[in-house]
Amino acid sequence: MRRSRFLTIWLLAGFAFLYVPMALMVAISFNNSRLTTEWTGFSLRWYVALAADDTLMQAAWLSLRVAVISATLAMLRKPGARQLDARLRLAHCRVKIPITDRKFPVPRILSLLV
């Protein structure tokens, strides 16, 4: 199936809309000047200042700990969910979604809601 040129352009425009501002912020963060409009040279000055701030570092470590704990709990929960799925025999069925007129596989228990 050939993609339309119009959709490809819209896709690229959407990615540019999302990622170009982030790339600019990363590039500007290495600027030595206090002004974002004036480039005075490459510097890690702002990252050194960030690392020196104890409150921000404590917040960053807390975020990292929360992420590690939640990822670990999700991994530990997966076998139990698989076993429950097999025990209840929640076979997948195909449900027609009215908006798209297509059928999608969903667990049988969710098909009751549609």
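Taking the options 56, 76, 64, 88, name whichever one is out of contact with any strand residue (DSSP E or B) (no Cβ under 8 Å at 6 or more places or on another chain), farther than 28 Å from residue 29 by Cβ and at pLDDT 75 or above.
Selected residue: 76, the only one of 56, 76, 64, 88 that is out of contact with any strand residue (DSSP E or B) (no Cβ under 8 Å at 6 or more places or on another chain), farther than 28 Å from residue 29 by Cβ and at pLDDT 75 or above.
Going by the conditions given, is residue 30 touching a Ser or Thr at 6+ places or on another chain (Cβ under 7 Å) and not acidic (Asp, Glu)?
So residue 30 fits the description; yes.
Which members of segment 17-41 meet the condition of being surrounded by 10 or more Cβ atoms within 10 Å (Cβ to Cβ) and of a type in the set (A, V, I, L, M, F, W, C)?
The answer is 20, 23, 24, 25, 27, 28, 30, 39.
I'm trying to understand the selection: among the residues of segment 42-53, which are outside any helix (DSSP H, G or I), surrounded by 11 or more Cβ atoms within 10 Å (Cβ to Cβ) and not acidic (Asp, Glu)?
The answer is 43, 44.
The values are calculated or read from the model by the stated rules, or taken from the named source; none is laboratory data. Keep in mind that this is a model prediction, so the values were computed, not measured. All Cβ positions, even for glycine, are placed from backbone atoms using ideal geometry, and neighbour counts span all protein chains on display.
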